[in-house]
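Single-structure report; data block below.
Rule-based calculations on the coordinates, nothing more; no lab input. All values derive from a computational prediction rather than experimental measurement. Every residue, glycine as well, gets a Cβ built from its backbone with ideal geometry; the counts of neighbours run over all protein chains shown.
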Amino acid sequence: MGCKLEVLTLKIDCFLYLLAIGMLSGGGPLVMAQNPDGVVDAFPAGGGMVPAMFIFGDSLIDNGNNNDLNSFAKANYFPYGIDFNGGPTGRFSNGYTMVDEIAQLLGLPLIPPYSQASNSRDQMLHGVNFASAAAGILDITGRNFVDRLPFNQQIKNFENALDQITDNLGAVDVAQVLSRSLFFVGMGSNDYLNNYLMPNYPTRNQYNSQQFADLLVKEYTTQLSKLYNLGARKFVLAGIGLMGCIPNMVARGTTGRCDEDVNQLVLPFNENMRTMINSLSTNLPGSKFVYINVDNMFRDLLANARSYGFRIVNRGCCGIGRNRGQVTCLPFQTPCRNRKEYVFWDAFHPTEAVNVLMGKKAFSGTPQFVYPINIQQLANI
């Protein structure tokens, strides 16, 4: 056991060494600053509030990792990215995702996908996005889409990134760099959408809603603990939103309204997440956890849509069928023109306008939306 720990420590130390060296060689004059622990950090002038952000999740925050997979879950075609500088990238949005906005607010550049960054260590300097559309906490989730990168595989990819970066370096202890970076995780939605609610999966017959939530969070706890053992200390965890209100779920009914049964179905998972966060905070020394209450954010958004500038709350800007949600946005389909007035971009995902709004609330919002502190406060610890 001792040998394994030494290897792991060596791996983390080497990774952090390169991360620090990369920051030193990133160009521009350096700013030396002493943090509250007395450790001197070096960043290029105008650097971010944190050294880096590492992102794990699904299509809500995937930015291109599925592009080269043998997968049906892709968004690397027009009109996806119609409002993004550079066009389609693999983001399941017309523009920014929530983590794009959070990165900007932290003073970081947009975080590259692992599929791109793994080819160049220089691109990993401010973090890596490992998220994959159709991915879930459970490995079997999303298999209808063929290839995808479940959370367990995303963690392995993070380990591979450490291996790649440390191949030719000696061990230098700069662990403060990684310990001050943010680890953003948004998982769970597909475990319902593309597992529990799918007729070709057995899980709905095997578990009631509470049992399934317990299963998910038990596995989630193990996975987050792995990230902790790899050096993560500052975690930002996003809960599941009002899944019954996405256009695809609305389209399955005939009233044009949210499916409240589905909204109730995912509540035990969100409740379990709060319990899990309290437990992990106690059992993992030095860890800090922030919970983004996406459910509350969407309830507030739908209740006050007009005041936020939204007019259309129950159908997609781009899609086919009832509520533009029965078939999601197809290649070269013409989307709505007034995209800033839509809550949903396609059958499953929010518009850039909503992603930016939610990113801002997560960054500097009140405990109603982000608990027990917000991302800005976490970054400053």
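Estimated at 0.36 nm per residue, the fully extended path between Ser364 and Thr282 surpasses their Cα-Cα distance by 27.1 nm.
Of the chymotrypsin sites (Phe, Trp or Tyr not before Pro) found in region 298-381, those in coil by DSSP whose Cβ has at most 11 other Cβ atoms within 10 Å are Phe332. Where Lys and Arg each count +1 and Asp and Glu each count -1, what net charge lies around Thr255 among other residues with Cβ under 14 Å from its Cβ? Every neighbour counted, the sum reads +1. Using the Cβ of Val294 as centre and a radius below 12 Å, the other residues enclosed give a net charge of 0, where K and R count +1 and D and E count -1. Placing pseudo-labels 7 Å out from each Cα toward the beta carbon at Asp261 and Asn85 gives an inter-label distance of 4.7 nm. Amide H contacts under 5 Å for Thr351: Phe344, Trp345, restricted to partners 5 or more places along the chain or on a different chain, H placed in the peptide plane at 1.01 Å from N.
Each residue in Lys74, Lys361, Lys156 was given a count of other beta-carbon atoms within 10 angstrom of its own, and listing them fewest first yields Lys156, Lys74, Lys361. Pairs exceeding a 27 Å alpha-carbon distance, out of Lys74/Lys218; Lys234/Lys360; Lys156/Lys361: Lys74/Lys218; Lys156/Lys361.
Panel order for Ser189, Ser225, Ser307, by other beta carbons found within 10 Å of each beta carbon, from fewest to most: Ser307, Ser225, Ser189.
Taking a ≥ b ≥ c as the square roots of the eigenvalues of the alpha carbon gyration tensor, region 70-128 is oblate, as a/c is not under 1.5 and a/b does not beat b/c.
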